[in-house]
1. What is the list of residues in region 206-224 whose amide nitrogen lies under 16 Å from a point 7 angstrom out from the Cα of TYR15, following Cα to Cβ?
2. Could you calculate the contour length gain from LEU33 to ILE99, that is, 0.36 nm times the residue separation minus the distance between their Cα atoms, to one decimal place in nm?
3. Neighbouring Cβ atoms within 10 Å as the yardstick, rank TRP17, TRP26 fewest first.
4. List the relative contact order of the chain as a percent without decimals, with contacts defined as Cα pairs under 8 Å and 6+ residues apart.
5. What helices does the chain hold that run 24 Å or longer along their axis, going by alpha-carbon atoms, with a Kyte-Doolittle average of 0.5 or more, using DSSP H for the helix calls?
6. Put +1 on the Cβ of each Lys and Arg and -1 on the Cβ of each Asp and Glu in the chain; which of ALA129, GLY60, LEU11 then has its Cα farthest toward the positive end of the dipole?
7. TYR199 versus LEU176, label points 7 Å from Cα toward the beta carbon: distance in nm?
8. Arrange TYR41, TYR15 by Cβ neighbour counts within 10 Å, fewest through most, would you?
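Values quoted throughout were computed directly from the atomic coordinates according to the rules given, and no laboratory measurement underlies them. Here the structure is a predicted model, which is why all the values come from computation and not from measurement. With ideal geometry, Cβ positions are generated from the backbone for all residues, glycine too; neighbour counts draw on all protein chains shown.
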Amino acid sequence: MDVSANPKVTLERVYVWQLPVRLTHWLLFFSILILSATGYYIGHPFISVPGPATNHFVMGAMRAIHLYTAIVFTLATLVRIYWFFAGNRYARLSEFIPISRRRLRSLGRTFLYYTFLRHDPDDYAGHNALAASSYAAIFALYLVMILTGLVLYSVNASASSPLRIFDLAAPFFGGLQIARLIHHIGMWVILIFAVVHVYFVLLSSIIEHIGTFDSIFSGYKFMPRQEADRS
């Protein structure tokens, strides 16, 4: 509902995004930016400085940044997955898998709204069904990225490193080259998803006026009283 078009609508302040959800969201966001930049450089070095030793230093620095950022990304992903089971109703896994009749109907309504074939959005304090389904898929991709990253890292890990166990997972992906290809394609899928995600958030913020963009900082949205009571 576009609340600006109906000034008689009473809005209620609803606490939607808990602190762990907001923190992991931003950790993942900045991690993805850094991992994408450093990962692209590792695959296609685009910085060249005089002297082979200096070039080796740049590559080494990029690999180190990529590694430590990957640790942050992995921990943030695991915390968010844990919060699928420990969080409030808007953070739980059941919200990301549209199995109820209401959520299934929301899939179609939201698709029509995002494609400008429907004027009224589907009122819901948390993620709409279409967004939630896409987030569930992207978290599955995060796990694939983590596993392929560990497989690629295990090649250069020391013989005593426990991470060498991920060598055993390489055949599961068809070998190191296929694992690297999956890792690379996954990066572009995540970046495209991020652009689309920002577009939809801005669209919702501009049209619906319920604090969609602000909520990832404050945790609160403003919903029509009927939806707030249902929440």
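1. Of the residues in region 206-224, 215-223 have backbone N under 16 Å from the label point off TYR15.
2. 20.5 nm
3. Placing the least packed residue first, the sequence is TRP26, TRP17.
4. On the way: 230 pairs, mean separation 74.3, N = 231.
With pairs under 8 Å counted, the relative contact order is 32 percent.
5. Details: long enough: 19-43 (35 Å, 1.25); 52-86 (50 Å, 1.03); 129-154 (38 Å, 1.86); 176-208 (46 Å, 1.74).
Helix filter hits for the chain: 19-43, 52-86, 129-154, 176-208.
6. So the residue we want is ALA129.
7. Taking the simple label geometry, TYR199 and LEU176 are separated by 3.8 nm.
8. Listing TYR41, TYR15 from fewest to most nearby Cβ atoms yields TYR15, TYR41.
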